[in-house]
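Shown next, in structure tokens, is the structure this report addresses.
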Amino acid sequence: MVRYNTGYLSSFLSEEDFRLVAEEARAASEKLRSGTGAGNDFLGWRDLPLNYDKEEYARIKETAKRLRESSDIFIVIGIGGSYLGARAVLELLQGEAHNEICKPRVYFAGNSISSSDLSDLLEICETGEVSLNVISKSGTTTEPAVAFRVLRDYLIRRYGAEEAAKRIVATTDRSRGTLKKLADEQGYEAFVVPDDVGGRYSVLTPVGLLPLAVAGIDTDALLKGAADLRERIDLDDSLDNPVNLYAAVRNLLYRDGKTVEVLSCFEPRFRMMGEWYKQLFGESEGKDKKGIYPSSCMFTTDLHSMGQYVQDGSRFLFETMVSFLDTNSKLSVKAAEVDFDGLNYLAGKTLEQINQVASDATLRAHVEGGVPCSIIEVDQMDAYNLGELIYFFERACGVSGYMLDVNPFNQPGVETYKRNMFALLDKPGYEEDKKKLLG
Ligand code: PA5
């Protein structure tokens with residue numbers, strides 16, 4: 001179960017603050033639930049954990065089984081919302097070293113235009129049987145399209161066109177786009193990104209579910225966790241709803257000059273969840289010259305780098321800590337006959353207990369340093385609880401965006417760099433933009 005703990009906020013926010021913001025949070029929550037706010041044609045994610053396409057889900061499982069049997073290496077091609085969710089869940093549940101431990105090995109491509117990264121991946125491909133899932137809702141995004149062209153050519157050279165087609169799965173729009181057209185022509189197995197779900201809200205669609213099923217993640221539990229949280233909070237527009245409380249805290253602190261949120265966690269395998277959260281909130285809220293800047297820290301690692309700034313730097317930060325109460329690992333410190341390293345005072349304690357103490361000590365220090373801190377507590381590090389956590393953030397992001405008075409479901413700002421890049425690369429149709437850019 002996921003809970004939201006505001007116990008450390010008492011010296012920063014008063015009961016009166018919460019009383020005053022409650023009506024605003026209620027209105028934002030109601031807007032999201034009733035679908036009357038901006039961007040309401042992109043609310044498909046809200047009911048997805050219950051209303052997903054059951055036939056397609058069965059096909060995801062069959063395809064995943066086939067790919068697991070035929071592949072040593074599975075490549076997920078996509079960028080932004082078309083890869084971050086799958087990678088975040090995979091790394092949190094199987095660890096950053098999953099490729100050393102699990103089969104098939106899973107790699108991510110098409111999330112940059114780095115020639116050296118793609119060259120490395122081509123070398124890795126020589127070490128086993130390869131299949132790939134190309135994911136693009138629009139079907140036209142440059143980064144994944146370039147990686148797909150290179151990797152598809154590789155598969156055709158290696159396996160021949162017919163076998164290569166069996167090793168390629170496309171996840172894209174139901175009917176539009178270059179990728180959909182190619183998938184139809186080539187006979188690739190294809191899955192749909194629903195029209196009413198934006199990229200950053202798509203981890204519980206085939207975008208995330210297929211790669212995760214191929215990796216052997218329990219996707220049933222992931223969906224069930226999200227569905228159960230939805231059930232628990234859906235009709236509650238008050239601040240008793242932890243999602244609304246978190247959205248209210250963020251906005252109260254933002255209005256008080258705390259413009260940067262540090263999402264912290266004491267589990268290194270949470271790193272990509274931090275990236276997923278940054279995309280979710282950054283693309284949803286950073287617009288109209290407003291928005292909290294989302295950032296993340298992995299503790300205790302970053303206590304030895306960013307820790308100094310968080311403790312003692314400019315005071316525009318607030319911290320939200322994600323705390324896993326049970327991490328499924330019970331290593332402990334043993335007593336040594338000769339206390340050569342002075343660690344016998346820890347003897348008998350598990351590393352999990354020591355880590356919990358470290359996080360408590362850190363929270364107290366940061367509060368003392370003037371950083372408002374709150375905690376998202378997660379009972380267990382497993383697929384079920386992670387499904388809840390994903391839904392918690394998605395829903396909170398919608399409510400928080402409405403409280404900020406932006407449309408949390410569009411991303412007009414990401415087009416500017418694309419237009420400049422196309423102009424500078426001489427893409428047909430961008431001639432005027434090039435003239436303007438180069439003067
Ligand atoms: O959240 C979003 O909408 C974006 O991050 C997209 O996921 C990203 O730009 C990739 O787009 P596409 O799936 O169309 O290739």
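With Phe108, Phe74 as the choices, which residue is surrounded by 19 or more Cβ atoms within 10 Å (Cβ to Cβ) and within 16 Å of the ligand (Cβ to nearest atom)?
Phe108
Look at Lys103 and say whether it is among the charged types (D, E, K, R) and assigned by TED's automatic domain parsing to the domain that holds Ala213.
Working: among the charged types (D, E, K, R): yes; assigned by TED's automatic domain parsing to the domain that holds Ala213: yes.
So Lys103 passes the test.
How many of the residues making up the range 111-149 are within 16 Å of the ligand (Cβ to nearest atom) and of a type outside the set (A, V, I, L, M)?
Taking the range 111-149 and keeping what is within 16 Å of the ligand (Cβ to nearest atom), we get 111-113, 132-149.
From what is left, the residues that are of a type outside the set (A, V, I, L, M) are 111-112, 133, 136-144, 148-149.
So the count comes out to 14.
Restricting attention to the range 304-325, which residues are of a type outside the set (A, V, I, L, M) and outside any loop (DSSP other than H, G, I, E, B)? Walk me through it before giving the result.
Initial filter on the range 304-325 (of a type outside the set (A, V, I, L, M)): 304-305, 307-309, 311-316, 318-320, 323-324.
His304, Gly307, Gln308, Tyr309, Gln311, Asp312, Phe318, Glu319, Thr320, Ser323, Phe324, listed by residue number.
Going by what's in this entry, would Ala164 be described as aliphatic (A, V, I, L, M) and more than 22 Å from the chain's Cα centre (by Cα)? Explain how you work it out, then say what you get.
Numbers: aliphatic (A, V, I, L, M): yes; more than 22 Å from the chain's Cα centre (by Cα): yes.
Answer is yes for this residue.
Answer with yes or no whether Thr320 is at pLDDT 95 or above, surrounded by fewer than 17 Cβ atoms within 10 Å (Cβ to Cβ) and of a type in the set (Val, Ile, Thr).
Numbers: at pLDDT 95 or above: yes; surrounded by fewer than 17 Cβ atoms within 10 Å (Cβ to Cβ): no; of a type in the set (Val, Ile, Thr): yes.
No, not satisfied.
State which residue pairs qualify: first residue more than 13 Å from Arg364 (Cα to Cα) and outside the structural domain of Gln353 (by TED's automatic domain parsing) and inside the range 303-328, second residue surrounded by fewer than 19 Cβ atoms within 10 Å (Cβ to Cβ) and at pLDDT 95 or above in any location, beta carbons under 6 Å apart, and separation of 6 or more residues or different chains.
Within 6 Å, no pair qualifies.
Do we have any residue at all in the range 225-235 that's modelled with pLDDT of 95 or more, of a type in the set (Gly, Ala, Ser) and under 22 Å from Met321 (Cβ atoms)?
For the range 225-235, residues modelled with pLDDT of 95 or more, of a type in the set (Gly, Ala, Ser) and under 22 Å from Met321 (Cβ atoms): present.
Does Leu210 count as of a type in the set (A, V, I, L, M, F, W, C), within 15 Å of the ligand (Cβ to nearest atom), surrounded by 20 or more Cβ atoms within 10 Å (Cβ to Cβ) and at pLDDT below 95?
On the way: of a type in the set (A, V, I, L, M, F, W, C): yes; within 15 Å of the ligand (Cβ to nearest atom): yes; surrounded by 20 or more Cβ atoms within 10 Å (Cβ to Cβ): yes; at pLDDT below 95: no.
It is false that Leu210 is of a type in the set (A, V, I, L, M, F, W, C), within 15 Å of the ligand (Cβ to nearest atom), surrounded by 20 or more Cβ atoms within 10 Å (Cβ to Cβ) and at pLDDT below 95.
Can you spot a residue in the range 51-65 that is modelled with pLDDT under 95, away from the ligand (no atom under 16 Å from the Cβ), under 17 Å from Ile217 (Cβ atoms) and surrounded by 18 or more Cβ atoms within 10 Å (Cβ to Cβ)?
Yes, the range 51-65 contains at least one residue that is modelled with pLDDT under 95, away from the ligand (no atom under 16 Å from the Cβ), under 17 Å from Ile217 (Cβ atoms) and surrounded by 18 or more Cβ atoms within 10 Å (Cβ to Cβ).
Out of curiosity, is Arg152 under 30 Å from Tyr417 (Cα atoms), more than 12 Å from the ligand (Cβ to nearest atom), modelled with pLDDT under 95 and in the same structural domain as Ala58 (by TED's automatic domain parsing)?
Numbers: under 30 Å from Tyr417 (Cα atoms): yes; more than 12 Å from the ligand (Cβ to nearest atom): yes; modelled with pLDDT under 95: no; in the same structural domain as Ala58 (by TED's automatic domain parsing): yes.
Answer is no for this residue.
Kindly indicate which of Val197, Val207, Val203, Val193 is within 14 Å of Gly398 (Cα to Cα), within 18 Å of the chain's Cα centre (by Cα) and hydrophobic (A, V, I, L, M, F, W, C). If you could, list the steps in order and put the result at the bottom.
Working: Val207 fails: within 14 Å of Gly398 (Cα to Cα); Val203 fails: within 14 Å of Gly398 (Cα to Cα); Val193 fails: within 14 Å of Gly398 (Cα to Cα).
Answer to the selection: Val197.
Tell me which helices (runs of 4 or more DSSP H) are completely within the range 351-439 and hold 2 or more residues being assigned by TED's automatic domain parsing to the domain that holds Glu283 and either at positive phi or within 16 Å of the ligand (Cβ to nearest atom) (or both), or say none if there are none.
Details: elements: 351-368, 383-403, 415-424, 431-438.
Qualifying helices (runs of 4 or more DSSP H): 383-403.
The values are calculated or read from the model by the stated rules, or taken from the named source; none is laboratory data. This one's a predicted model, so the numbers in the text were calculated from it and none came from an experiment. Virtual Cβ from ideal backbone geometry, glycine too; neighbours counted across all protein chains shown.
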